[in-house]
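This report concerns only the one structure given below.
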Amino acid sequence: MIRPAALAALLSGSLLAAVLAVTLTPHAAVRQGLVPRPPDAQPVFVREVLSGDTVVVSNPRSGPQIVDLGDVTARLIGVQAPHFGLINECYAVEAQGRLRQLLPEGSIAWLAQDATAKDDNGRWLMYVWTSDGEFVNLALASEGFVTAGVTYDNDEHFAAIAQSTEQAFRRNAGLWGECR
């Protein structure tokens, strides 16, 4: 598993990064962006996209991933989107727009947890798939709408997300080309 310090080395192009890339490269399906939805993923309805890494979903019934009923806030694991504020960070609007395209209001999303279920703000920490099986966390990273970042001890898919972030960086995709 790649840790934050290793990600920094990976993105800086150091020798350590090269070693990590060789030893931690995910299998071919992950390299192609095909991280399958786990069998215990839970379907929910998308209510609203709050930012490039946070959505409100409606959970009609308790399930294996989210036990709370009704509207809950889900924060995508392994990614960091630019923030909104008094002055929006570069690419915040674009990241939110892309997440809205992937998860339109009223659509069905599939959620799966990792080691830590909630953050300090009470948001559910989730990997997210679209109804047609696209892994949203990875798609946002590979298209350059977000950066990779460890979310607590949730790192099941971090190597794939970090690799996609590095590839987007090298291509100057998204925020990597616009926000320098």
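Taken together, the values in this text are just the output of simple stated rules run on the coordinates, not laboratory data. Because the structure is predicted, anything quoted here is derived from the model rather than measured. When we count neighbours, we look across all protein chains shown, and the Cβ atoms used for this are built from the backbone with ideal geometry, even at glycine.
Worth pointing out:
- Gained length - R170 relative to C90, 0.36 nm times residue gap less alpha-carbon distance: 27.0 nm
- Modelled FRET efficiency - R0 30 Å, E178 with D119, Cβ distances, 0.05 increments: 0.60
- Counting only the Cα atoms, the stretch 140-180 fills a convex hull of 55 Å³ per residue.
- GluC sites (Glu not before Pro) restricted to the stretch 97-179 and DSSP loop, no more than 13 other C-beta within 10 Å: E105
- Principal axis dimensions, the stretch 58-124 - Cα atoms, whole angstrom, descending: 37, 27, 19
- Projected-area average for the stretch 81-180 over all orientations - Cα convex hull basis, square nanometres: 6.9
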